[in-house]
Amino acid sequence: MDVPFKDKAGLPTAASSSTAHEKGQQLEYALDEQIGFYLRQANQRHVAIFANLMAEKLTTTQWAALVKLKDLQPCSQGNLGRETAMDMATIKGVVDRLVKRGLVHTAPDAADARRLVLRLTAEGEATVVRNLSIALEISQETMSTLTLAERMMLMELLQKIC
């Protein structure tokens with residue numbers, strides 16, 4: 001895979017890391033030139049904005065689960081995890097906390113008692129409705145430093161990576 005790196009002289013190059021290694025070039029890893037470094041900072045910024053504006057003391061994963069469940073219900077916990085890009089352990093913890101708060105109701109699946117079927121409670125539905133405009137504001141604030149064209153490009157590129 002071609003990734004940008006610096007050779008020993010500190011000059012950027014786009015040669016693949018395996019090719020550089022084969023040529024005897026020493027690779028240098030500059031953290032502030034790595035995609036993960038910026039993705040983590042962007043996520044930290046978004047989470048801070050989310051925590052500051054979301055009045056219901058919901059986490060980003062809890063909000064994602066509530067909004068997606070509103071669209072899919074009834075659905076299994078496994079399906080909700082897939083639809084929100086959460087692994088099974090994460091979605092289980094998220095659902096458990098939402099159930100404890102009275103926002104989600106679980107019941108055994110009539111066809112498969114090992115599977116839980118999830119639905120929003122009336123309070124869960126109301127929570128989603130109350131916070132939709134805030135969630136949109138959070139997204140706008142997260143990307144507020146970008147032009148409309150840059151926002152569209154960022155979303156397209158992130159979707160391509162994912």
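Observations, loosely collected:
- Residue by residue, the range 152-157 carries 3J(HN,Hα) couplings of 5, 5, 4, 4, 5, 5 Hz when phi is fed to the Karplus relation 6.51 cos²θ - 1.76 cosθ + 1.60 (θ = phi - 60°); x denotes Gly or Pro.
- Amide H contacts of Ser76 (H built 1.01 Å from N, in plane; Pro and chain starts excluded): Leu118 sit under 5 Å, all sequence-distant by 5 or more or on other chains.
- Based on Cα contacts under 8 Å between residues 6+ apart, the range 80-162 shows a relative contact order of 15 percent.
- In the chain, the longest principal axis of the Cα atoms and the axis of helix 88-100 are about 40 degrees apart.
- Reported label for calculated Kirkwood radius over Cα pairs in Å given (1) 16.1; (2) 17.4; (3) 18.8: (3)
- The label point for Met152 and the one for Ala111, both projected 7 Å from the Cα toward the Cβ, are 4.1 nm apart.
- Among Ala122, Ala107, Ala149, residue whose mean-square fluctuation peaks in a GNM of the chain (springs only between Cα atoms under 10 Å): Ala149
- Long-range HN-HN contacts of Val104 with modeled amide H, under 5 Å: Val99, Thr121
- Spin-label pair Asp32-Met88: with each label point 7 Å from Cα along the Cα-Cβ axis, the two points sit 4.3 nm from one another.
- For the chain, the longest principal axis of the Cα atoms and the long axis of helix 122-142 meet at an angle of about 20 degrees.
- Per-residue HN-Hα couplings for the range 69-77 [Karplus 6.51, -1.76, 1.60; θ = phi - 60°; Hz; x = Gly/Pro]: 4, 4, 6, 9, 4, x, 8, 7, 4
- With contacts taken as Cα pairs under 8 Å and at least 6 residues apart, the range 36-125 reaches a relative contact order of 25 percent.
- Working from Cα pairs under 8 Å separated by at least six residues, relative contact order for the chain is 17 percent.
- This model, with +1 at the C-beta of Lys and Arg and -1 at the C-beta of Asp and Glu, gives the chain a dipole about its Cα centre of some 500 debye.
Throughout, read-outs are computed from the coordinates displayed, never taken from laboratory work. Values in this document were obtained by computation on a predicted structure and should not be read as measured data. Counting neighbours? That spans all protein chains shown, and the Cβs are built from the backbone with ideal geometry, glycine included.
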